[in-house]
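Contents: one structure, followed by commentary.
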Amino acid sequence: MKFNAPLILKLRSERIIQHGAFWVVVLLILAMIYGVGLPGYWSAVRMILIFMPLHMLYFYMIAYVVMPRYLFTGRYFRFFVSLVLCIFLAALCFRLLEILFADPMIYKTIKKQDKTFVWHKLDGTFTEQLLKYTYIINAFEQANFVVWIAVAIKFFKMWYEKQQAALEAELILLKGQLHPHFLFNTLNNLYALTLCQSPRSPSVVIGLSEILRYMLYEANADVVDLKRDVEIVENYIALEKIRYEERLDLNFSIKGMEPGHSIVPLLILPLVENAFKHGTSEKIGDAWINMDLQVRNDTLKFKISNSKPDQPAKPDQEKNHSRIGLANVRKRLEILYPSAHQLRILEEEDIYAVILEINLDKRLKIGEI
């Protein structure tokens, strides 16, 4: 397996910058909070810098050692024991830093401002300072406050990344479902032509090859040029027109499509395929399909309507041909254009219509944080 070293270094650099920015923000916020009660904000900054290494060591121990080793592996008793031990050790270290470094620094600053101030008489001996109940409670609060906010952020980020990974996996599954469904239907069409030894069979093979090339290589991108996606739809229509010949009345109008418009691939094609599969192929005699595609102000509106079969499909047949493509499109739209699309289905006695509207500029970019 080959690793992309520049990419790995870039990701590591981004994480270092993110973590560094977080601790700088923590420093500034704490300085603003404690600077009010201390002799100046600079004194607050110096005091917080004394405790910052402890906060950082405590957080990284919990987030990158204790949780991965015990919590994520299901060893909950060891996790609980390790967590309690870390909490007590952090509080103890916090109190020792207060006694040995922070308090003397602050009291010396106060001493410069008030010559009558004597700090050791106020706080007692080392043992009294270490074991005094109020100081112990304060040490627990101060040692854990910042760290557990950081842990909460860590958990939120993990949850978000898990949601993103789940969405990506679902999209891959949905796209994978679309390919064999389309291929199955098109091969059936080719089979029907070869049975009657139609001279148009080679044209179908070439057209199918072009569509499959698009599906396998171009449609793997997050977005494709709208014009290219519509071109594949037109290729598919050309294949179907070979099959149905004169008994199909088909109209396809395109307006407002200009270079620069992008769309998630394979959203329009399943709707067209659905019209042929559940309208034209199930109808005896003449059939019709009308399609209208318009792009206005970065909003795509695609309307497709088709004649319905003379006889309703049998229940088991309706179950087997449950319009997988249409359900697939609906699910992908919900994921990729959650608040920027409308998919309406209109069904009457002899007409079936689908109207799709998409704001092309409001695609949800899966994986970006």
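The table that follows gives values for the structure above.
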quantity: Tally of residues being assigned to a helix (DSSP H, G or I) and touching a Phe, Trp or Tyr at 6+ places or on another chain (Cβ under 6 Å) across segment 19-53; calculated: 3
quantity: Complete set of residues in segment 238-254 that are in a helix (DSSP H, G or I) and either exposed (fewer than 15 other Cβ atoms within 10 Å of the Cβ) or among the basic types (Lys, Arg) (or both); calculated: Ala238, Lys241, Arg243, Glu245, Glu246, Arg247
quantity: Subset of segment 192-215 that is in a helix (DSSP H, G or I) and free of Cβ contacts under 8 Å to residues at least 12 places away in the same chain - its residue that is farthest from Ser262 (Cα to Cα); calculated: Leu195
quantity: Yes/no for Ala238 being more than 32 Å from the chain's Cα centre (by Cα) and either farther than 21 Å from Arg330 by Cβ or modelled with pLDDT of 85 or more (or both); calculated: yes
quantity: Yes/no for Ala169 being surrounded by fewer than 11 Cβ atoms within 10 Å (Cβ to Cβ) and at pLDDT below 80; calculated: yes
quantity: Unmet criterion (only one of (1) in contact (Cβ under 8 Å) with a residue 40 or more places away in the chain; (2) of a type in the set (D, E, K, R); (3) more than 15 Å from Leu171 (Cα to Cα); (4) out of contact with any Asp or Glu (no Cβ under 6 Å at 6 or more places or on another chain)) for Lys331; calculated: (3)
quantity: Residue match in segment 269-285 (condition: surrounded by 20 or more Cβ atoms within 10 Å (Cβ to Cβ), without any contact (Cβ under 8 Å) to a residue 60 or more places away in the chain and among the hydroxyl-bearing types (Ser, Thr, Tyr)); calculated: yes
quantity: Residue check, Cys93 in contact (Cβ under 8 Å) with a residue 40 or more places away in the chain and either in the same structural domain as Val25 (by TED's automatic domain parsing) or aromatic (Phe, Trp, Tyr) (or both); calculated: yes
quantity: Hits in segment 333-360 (condition: surrounded by fewer than 15 Cβ atoms within 10 Å (Cβ to Cβ) and polar (S, T, N, Q)); calculated: Ser339, Gln342
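This table checks each residue for (1) more than 30 Å from Arg15 (Cα to Cα); (2) modelled with pLDDT of 95 or more; (3) surrounded by fewer than 16 Cβ atoms within 10 Å (Cβ to Cβ).
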site	(1), (2), (3)
Tyr64	no, no, yes
Thr73	no, no, yes
Thr109	yes, no, no
Asn144	no, no, no
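The values are calculated or read from the model by the stated rules, or taken from the named source; none is laboratory data. In this text, all values refer to a predicted model and were calculated from it rather than measured experimentally. Neighbour counts are summed over all protein chains in view; Cβ atoms, including those assigned to glycine, are modelled from backbone coordinates with ideal geometry.
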